[in-house]
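Shown next, in structure tokens, is the structure this report addresses.
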Amino acid sequence: MRSTLDKLISGTGLLLAAVLLVAGGLLTWANVFIGDQVEEQLLAQDIVMPEGPALGGLSDESVEALEEFAGSPMDTGAEARAYADHYIQSHMNSSGEELAGEPQTYSEASNKARELGAALAENPEASQEQIDEAAAWGELRESLFMGSTLRGLLLYAYAFATMGVIAGYAAVASFVGAGVLLVLGLLGLRHAGRIKANEATATA
């Protein structure tokens, strides 16, 4: 009975080891595939990380986050996140502050632009100042729309890159787990063989 139990447990362990090996292989493929896709898509954007004068006007936090990648082609999720959160977002905030005194979202700028546009349509005798203000808000709306769109795409790239990294760690864990179960399973079968041999000797 002890020999049979050892064989059953060891066989289950070997089966789990095989499953983990397959899972590790798939996770490794996912890690490589996602990494290649993120790099390919980011390089297609032909964005070079800002450096030198391009970092002027940014906060110390943003400069510190961007200096690590200064001057390199954007091809990793970490670079995409830094560019999105510390370069695009900073310029979007600055644009809103220059016009309204505080950062503006695309929705806020769009509502304001529509409001001023409607007011101009109802007032044919609007002053040049009112016309210029409406135009400025329209330009801000377009700028924030483009900035928000690019920022969102870059953060999607960062999210996928992070998933790829997680898949890589999971692959390592799967291979380690498979190795441990394989060793334990083989030791269990060896132990079961010894027990069976001892039982046979005792019977004889």
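Brief remarks follow.
- Heavy-atom surface of the chain, accessible at 1.4 Å and reported per residue (Å²): 63
- Most mobile of V180, V165, V48 in a GNM of the chain (Cα contacts under 10 Å): V180
- Summing Cβ point charges (Lys, Arg +1; Asp, Glu -1) relative to the Cα centre of the stretch 1-112 gives a dipole of roughly 1060 debye.
- Atom-type composition of the exposed protein surface of the chain places 61 percent of the accessible area on carbon and sulfur (1.4 angstrom probe).
- Springs join every pair of Cα atoms under 10 Å in this Gaussian network model of the chain, and among L42, L144, L21 the largest mean-square fluctuation is at L21.
- Here the chain is assigned +1 on the Cβ of each Lys and Arg and -1 on the Cβ of each Asp and Glu. Its dipole about the Cα centre then comes out at about 2660 debye.
- For the stretch 55-93, the list of GluC sites (Glu not before Pro) that fall in a loop by DSSP and count at most 10 other C-beta atoms within 10 angstrom is empty.
- Helix runs (DSSP H) in the chain reaching 20 Å along axis by Cα, Kyte-Doolittle at least -1.0: 2-44, 106-122, 128-203
The values are calculated or read from the model by the stated rules, or taken from the named source; none is laboratory data. Because the structure is predicted, anything quoted here is derived from the model rather than measured. When we count neighbours, we look across all protein chains shown, and the Cβ atoms used for this are built from the backbone with ideal geometry, even at glycine. Please note that ligands, DNA and RNA were not included when accessible areas were found on the heavy atoms of the full protein model with its side chains. Shrake-Rupley method; radii C 1.70, N 1.55, O 1.52, S 1.80 Å.
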